[in-house]
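Inspection log for the structure reproduced underneath, given as structure tokens.
The values are calculated or read from the model by the stated rules, or taken from the named source; none is laboratory data. In this text the structure is predicted, and so the values were computed from the model without any measurement. For neighbour counting, all protein chains shown are included, and Cβ atoms are generated from backbone atoms with ideal geometry for every residue, glycine included.
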Amino acid sequence: MFDVVIIGSGFGGAVAAARAGLFAQGSGRRVLVLDKGIDPTGRFDPLSDGPPLNEQGNRFQHSLAPDYLTELGELFTDPRGAYRSGVPSMNVVTGKGLGGGSLLYDGVSLRAPSLVFDQVRRGRRLWPAAFSRAALQPWYRVVEQQLRVHKLEWTDANVPHWQLATKRDFVFAEGCRRIGATAAPLKLATFQDANEGWWNQGQRFSGRQDLTKNYLSTAHAAGVELRTGHDVDTIAPTNDGYVVKGVDTRGGKKVEFEIECRVLIVAAGAIASSALLLRSRDHFVGERTLDRGDEDNGRAVLGQHLSSNGDYGVTGRVGADFERAVESFKGKPMSSFCPSFWPEHQFILIPFHAAPLYPALEQITTMNPPEHPNALGRGSTKVAERGDGKRARNWGADFKRQLTEFGTRSLTMGCLALDACEGEILADADRVRVQWRETSERTEERWSAAVDAMRRIYEALGGELFCDNYRKDGTVNTSHPLGGCRMADEATEGVVDPFGEAFGNRNLFVMDGAIIPSALGVNPSLTIAAVAEHLMDRLIRGDGTEALADRLA
Amino acid sequence: MKVLGLLGLGTACGVRAEDPPPGKFDALDPEDYPYREVDELTQAEATLLAAFDVLLPSERDAEGRVIVPGANDVGTLDMLALANFVPAARQLNLLPVLPAILDRAPETFDEAVRFVLAADLDALAFDQRPFTAFRHLPRELQEAALDEGFADPERAVGLTFLRAACFLAYLGGSDSKAGLVAIGFPPFEDAAANIAVRGYPRTTDGRLVDAETEDLAALAAQGVLDDYTYNLAPAPTLGEDLATLIDANGDLL
């Protein structure tokens, strides 16, 4: 019997593990973290699988080898719209392993704008009344200290050289300027950065702060046990707590496990946490039902309200006459943004390094021009035709010659916007799926404005915007899923209350991106962690809810 | 058998480029890109190699030496092994559903898959020139066959896998780094340890520079500084005041 079990170790789970560990330290109470992935450090779970440790003391590689990447991330999709089928689809990429999404993230650490917390739908505030930018400010500061968040600069007049925006950002800023917008350096979770890039494959050298360097180290030092390879299948209530069932896959074996605990914190990420509750809901009946959606309207809440955070990526090229090379593969993968469109359209633009493999494979975008360059909206255009009436090839000698410009001329960018949470999560016995329903008018308006702005940036730099998969196939791609177990003041509106505790289920908490009730319009890691800090603080202090010590008494 | 046609193939057969030496691909010796002799290949493998060279061709000089590598110079046939391609298909959403049995498929299954994919290519070739194998078609008809295949939703899936194998091998930086270098990336600093670069700034010959103690401006003046940043502030945007959008901390208001 453990006192606290935490499923998942990303920006919610790692914070919960550190805080619960510090709370339990020296008290004889036992805290356990379960993660289905590997330990990239080799320090937390000596039984972890994974590639051998390298000279830098981690398991990260500069590689896009599929077997390596599947150790670090997962793809959730809608099978109906698989690759290039032309059927609208949704693809969600998430992190896997101790550190969760932080193993793959770009370190962008922006606080969510005030407007986000005040969104209203159907006459109701999306966020619980207790949440606002002002209320979260102290917790944002705590997380920023833990993650060593720095604001970057354009020049090293006032900061160390490692703290600068990249060449890619300078080119992007010039494009923004030419269309009357402004770019600013980002805040990143990085320290004494080697600027070697490759962050999306797990950063091998120093710099980007993933959660193994801070919260999980704190948890480990406080005596929290961290187990990898533990794939949780279901959870169920017991007389005095919960039982967690799953399979321990370490060492190439599959050993079933059952672990009991008093307090259970589900923090496996928006998709996996929601899917776990969906798979487990038959164990929660009567007063303990996990889904108390508005029964009069037949409206479920569990697995619903999935936001893509308005992610929309495109690739294009800068004109040959533009005097400076992009060299997007050098340095931090994200280090500037354009806030100019936020007041009117509620999106930001961010240039980023995308490994050339992905546009070459038509993941998210193509590397060919669209038939209608000015087309806007889902499925509004397709890849342009060549002179012979056939579609431009994404293979062959001409395409290969186009690829040779990738290092110097290609520029990938994307928007993050407020969407209307048009996605949903479905969990069958053996598979988790995501779906994107019809895009709302508001989301469509924001994405269209963003694509139009990005096209103008490319053209202002003498280049062109290539066709993207949303305009071609209607596919929504995101690496920032939010929602599925949304937090709300009322049980009919959400799965968990404003303390992160599941309605009707004492001592069952959800504490990750799954409870975020709306899109954030900025990279979400900082907000997920700040919300977890806030919830753990209130839980441990018993501020407005039963104190953790009393729950474990 | 259709499912077989969607999946990878090829046990290791030694078709792989060595990692390129520092610098450009100027008239490298063909010995740097060792092919097996054709008579060592099965017909199916030979057909697939012909398709790879259409999808992502090697570029050669008048003497036949590789100037810019293509799919067959970077180990594409190896990449198409089932053990590589099942995780790739899952990672890249190349197929809606992969039967779990493929995770346990023996290597001998690769050969069957290889055969089916090659048969698909030969069927496409038949439409261009009856009773002629794909590998024996002239280049323009091979291209036409692939054009037809990609335009047919059923055949496109198998071809998509062939194409994905080419790009995974070419741009994935896993076995060979030659493709990344060909598109403008610097050569890996340490290919054996799979280290692309230890960081920036560095000199053009690869030495890491201590930006806090060394004179970057002097290195730049000598033309030997290789940095990740221009270390320049962009020109201001007329009529826009960032202070109305973001706070002093750098966050949106």
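Quick notes on this structure:
- Positions within region A:162-181 being in contact with a strand residue (DSSP E or B) (Cβ under 7 Å, 6 or more places away or on another chain), facing chain B (nearest Cβ under 7 Å) and among the β-branched types (V, I, T), in sequence order: none
- So A:G483, is it in contact with a helix residue (DSSP H, G or I) (Cβ under 9 Å, 6 or more places away or on another chain), modelled with pLDDT of 95 or more and at positive phi: yes
- Filter pass, A:A429 being of a type in the set (A, V, I, L, M), buried (at least 24 other Cβ atoms within 10 Å of the Cβ) and either out of contact with any strand residue (DSSP E or B) (no Cβ under 6 Å at 6 or more places or on another chain) or assigned to a helix (DSSP H, G or I) (or both): no
- The listed residue being buried (at least 24 other Cβ atoms within 10 Å of the Cβ) and either within 13 Å of chain B (Cβ to nearest Cβ) or modelled with pLDDT under 95 (or both), out of A:L349, A:L357: A:L349
- Counting the residues of region A:123-144 that are free of Cβ contacts under 8 Å to residues at least 60 places away in the same chain, under 23 Å from the mean Cα position of the chain (by Cα) and part of a loop (DSSP other than H, G, I, E, B) gives 1.
- Among the residues making up region A:134-161, a single one is among the basic types (K, R) and within 9 Å of chain B (Cβ to nearest Cβ): A:K151.
- Flag if A:E295 is at pLDDT below 95, surrounded by fewer than 20 Cβ atoms within 10 Å (Cβ to Cβ) and more than 12 Å from every other protein chain (Cβ to nearest Cβ): yes
- When residues of region B:112-147 are limited to those that are of a type in the set (D, E, K, R) and buried (at least 16 other Cβ atoms within 10 Å of the Cβ), the one farthest from B:A44 (Cα to Cα): B:D147
- Restricted to region A:182-200, and to residues there that are touching a residue at least 40 places away in the same chain (Cβ under 8 Å) and more than 23 Å from A:R409 (Cα to Cα), the residue that is nearest to the other protein chains (Cβ to nearest Cβ) is A:K187.
- Any hit, region A:540-553, residues being part of a helix (DSSP H, G or I) and among the polar types (S, T, N, Q): no
- Just one of the listed residues (A:A375, A:A384, A:A355, A:A325) is within 30 Å of B:N231 (Cβ to Cβ) and over 23 Å from the mean Cα position of the chain (by Cα), and it is A:A325.
- Taking the criterion of being within 12 Å of another protein chain (Cβ to nearest Cβ) and either surrounded by 17 or more Cβ atoms within 10 Å (Cβ to Cβ) or in contact with a His (Cβ under 6 Å, 6 or more places away or on another chain) (or both), the only residue of region A:378-390 that qualifies is A:V383.
- Applying the criterion of being within 10 Å of chain A (Cβ to nearest Cβ) and either in contact (Cβ under 8 Å) with a residue 12 or more places away in the chain or loosely packed, with under 15 Cβ neighbours inside 10 Å (or both) to the residues of region B:195-204, the residue that is nearest to the chain's Cα centre (by Cα) is B:A196.
- Matching residues, region B:205-242, being charged (D, E, K, R) and more than 7 Å from chain A (Cβ to nearest Cβ): B:D205, B:R207, B:D210, B:E214, B:D215, B:D226, B:D227, B:D241
- Pairs are defined by a Cβ separation below 6 Å, a sequence spacing of at least 6 or placement on different chains, a first member in region A:388-410 that is touching a residue at least 60 places away in the same chain (Cβ under 8 Å), and a second member that is crowded, with 19+ Cβ neighbours inside 10 Å; the pairs so defined are A:G407/B:I183; A:G407/B:G184; A:G407/B:F185; A:T408/B:G184; A:R409/A:R317; A:R409/A:V318; A:S410/A:R317.
- From the list B:L171, B:L162, B:L252, B:L216, the one residue that fits, being touching a strand residue (DSSP E or B) at 6+ places or on another chain (Cβ under 8 Å), at pLDDT 90 or above and surrounded by 19 or more Cβ atoms within 10 Å (Cβ to Cβ), is B:L252.
- A residue that is aromatic (F, W, Y) and surrounded by fewer than 24 Cβ atoms within 10 Å (Cβ to Cβ) occurs nowhere in region A:505-517.
- The one condition in (1) touching a Phe, Trp or Tyr at 6+ places or on another chain (Cβ under 6 Å); (2) away from chain B (no Cβ under 14 Å) that A:E424 fails to fulfil: (1)
- All conditions in (1) of a type in the set (S, T, N, Q); (2) facing chain B (nearest Cβ under 10 Å); (3) farther than 26 Å from A:A427 by Cβ hold for A:T77, with the sole exception of (3).
- Top-ranked residue of region A:395-421 - restricted to ones that are facing another protein chain (nearest Cβ under 9 Å), assigned to a loop (DSSP other than H, G, I, E, B) and not polar (S, T, N, Q), ranked as surrounded by the fewest Cβ atoms within 10 Å (Cβ to Cβ): A:E405
- Flag for A:F11 being of a type in the set (F, W, Y) and under 16 Å from A:H220 (Cβ atoms): no
- Across region A:210-258, the qualifying residues are those that are of a type in the set (K, R) and assigned to a strand (DSSP E or B), and the one among them that is surrounded by the most Cβ atoms within 10 Å (Cβ to Cβ) is A:R227.
- The condition (being touching a Cys at 6+ places or on another chain (Cβ under 7 Å) and in contact (Cβ under 8 Å) with a residue 40 or more places away in the chain) is satisfied by just one residue among A:V15, A:V4: A:V4.
- Inclusion of A:Y105 among residues that are within 12 Å of chain B (Cβ to nearest Cβ), out of contact with any strand residue (DSSP E or B) (no Cβ under 6 Å at 6 or more places or on another chain) and under 16 Å from A:I516 (Cβ atoms) is not warranted.
- Count of region A:472-499 residues, restricted to those that are farther than 16 Å from A:R124 by Cα and without any contact (Cβ under 8 Å) to a residue 40 or more places away in the chain, is 1.
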